[in-house]
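The next block holds one structure in the form of structure tokens; read it before the comments.
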Amino acid sequence: MQQQTIRNIINFQGIGIHSGKPVNIAIKPTSTDMGIVFVRTDLNNTQVPVKPAMLANSSRATILNHQNIKIATPEHLLAALYGLGIDNAVIEIDTEEVPIMDGSAMSFVKAIFDIGIEQQTKQKKELIITKPILVKNGDCYLLAEPASKFKISYILDYPETFIGQQVLALDINTESFIEQIAPARTYGFYNEVKELLENNLAKGGSIDNAVVIEEHKYRNELRFPDELCRHKILDLIGDLSVVGKAVKGHFIGVKSGHLLNKQMVEAISLKT
């Protein structure tokens, strides 16, 4: 398959879910082999390339850090680009946090479809998992195994809550991503909001851009019965896209999140 970019510029306005700040971004087409590059227009157009070495430690969201210039929460946008097969793009942004939109990847997906996708001359780069790779933290695991295609299996487990366990296994391609994964929104527990705010996070969060979980029920209507599990897969796709290549392998996550995703990106970048 050939590398791809978008046909024209796409503009978005929104707020950062953690900062609560207004954000403007412009996604622009670029040439082959450029990959995905963020440009901080508020900081002298400093570039932050999307590469494994740029991943910073964070449990609440993905953070890219290049010479102390940060891009926060890019995972939904990166997942949309990966899910639609976009290899090369420049993303201009006027603050450090990518807008949360509705909490899913659908706003980005729809806009890319509306503007169109352009095929380029060079072939896509591939990253093929050739042997099992495991990263873990306590009872949380993320395993990569060889496979002829890109597949994700995920187990989400909150045994002390009404949520219980959610399990999903899915071959990841453009169709399955758009229909099954892209609409799944980020989520948070209502009783954690105070802690997040005290840590200067979630200032822009609301039921308009997140699934809010109360003690015995969801505050808003779900898009899928297992929307939480699907959003974990969305985050994993966005984080894995940082390798900058089309991935072939089966990834099995058990209660894994951004920290293990980062460790997996680092491991597969070194070992494959």
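State in Å² the accessible area per residue of the chain; use a 1.4 Å probe, count heavy atoms of protein chains only, and round to the nearest integer.
Each residue of the chain exposes 47 Å² on average to a 1.4 Å probe.
State the percentage of accessible surface on the chain attributable to carbon and sulfur atoms; use a 1.4 Å probe and exclude ligands, DNA and RNA.
C and S fraction of accessible area: 48 percent.
Output ³J(HN,Hα) for segment 170-183: one whole-Hz value per residue in order, computed from phi by the Karplus curve 6.51 cos²θ - 1.76 cosθ + 1.60 with θ = phi - 60°, and x for Gly and Pro.
Listing the rounded values in order: 8, 6, 9, 9, 4, 5, 5, 4, 5, 7, 9, 10, 4, x Hz.
Taking the Cα centre as origin and putting +1 on Lys and Arg beta-carbons and -1 on Asp and Glu beta-carbons, what dipole magnitude results for the chain, to the nearest 20 debye?
Dipole about the Cα centre, nearest 20: 760 debye.
What are the aspartates and glutamates whose alpha-carbon lies under 20 Å from the alpha-carbon of LYS122, with same-chain residues fewer than 8 places away excluded?
Leaving aside aspartates and glutamates fewer than 8 places away in the same chain, those within reach of LYS122 are ASP33, ASP87.
Quick one: order ASP226, ASP139 from most to least accessible surface, probe 1.4 Å. Spell out each step's value before the answer.
On the way: ASP226 25, ASP139 85 Å².
The residues order as ASP139, ASP226, largest area first.
Using the Cβ atoms and a cut-off under 9 Å, what net charge is assigned to the surroundings of ALA184, where Lys and Arg are +1 and Asp and Glu are -1?
Overall, the nearby charge balance is +2.
So how much slack lies between LEU270 and ASP139, counting 0.36 nm per residue of separation and subtracting their Cα-Cα distance, in nm?
44.7 nm
Got a sec? What order do MET1, MET54, MET264 fall in by accessible area at 1.4 Å, biggest, i.e. largest, first?
Heavy-atom accessible area, descending, gives MET1, MET54, MET264.
For the chain, what relative contact order do you get, as a whole percent, if you take Cα pairs closer than 8 Å and at least 6 residues apart?
Dividing the mean separation by the residue count of the chain yields 27 percent.
Under a 5 Å amide H to amide H cut-off, with H placed in plane at 1.01 Å, what residues pair with GLN120 once short-range neighbours are removed?
GLN3, GLN4, THR5
Return the subset of LYS217/LYS245; LYS21/LYS124; LYS21/LYS136; LYS28/LYS70; LYS28/LYS217 for which the Cα-Cα distance in this structure is over 31 Å, preserving the input order.
Going by Cα-Cα distance, LYS217/LYS245; LYS21/LYS124; LYS21/LYS136; LYS28/LYS217 fall outside the 31 Å limit.
Using every Cα-Cα pair within the chain, state what percent have a distance larger than 24 Å.
On the way: 16823 of 36856 pairs.
It works out to 46 percent of all Cα pairs.
The values are calculated or read from the model by the stated rules, or taken from the named source; none is laboratory data. The shown structure was predicted, so the numbers you read here are calculated from the model rather than taken from an experiment. Glycine also receives a Cβ, built like all others from the backbone with ideal geometry; neighbour counts cover every protein chain displayed. Accessible surface areas use protein heavy atoms only, side chains included; no ligands, DNA or RNA. Shrake-Rupley method; radii C 1.70, N 1.55, O 1.52, S 1.80 Å.
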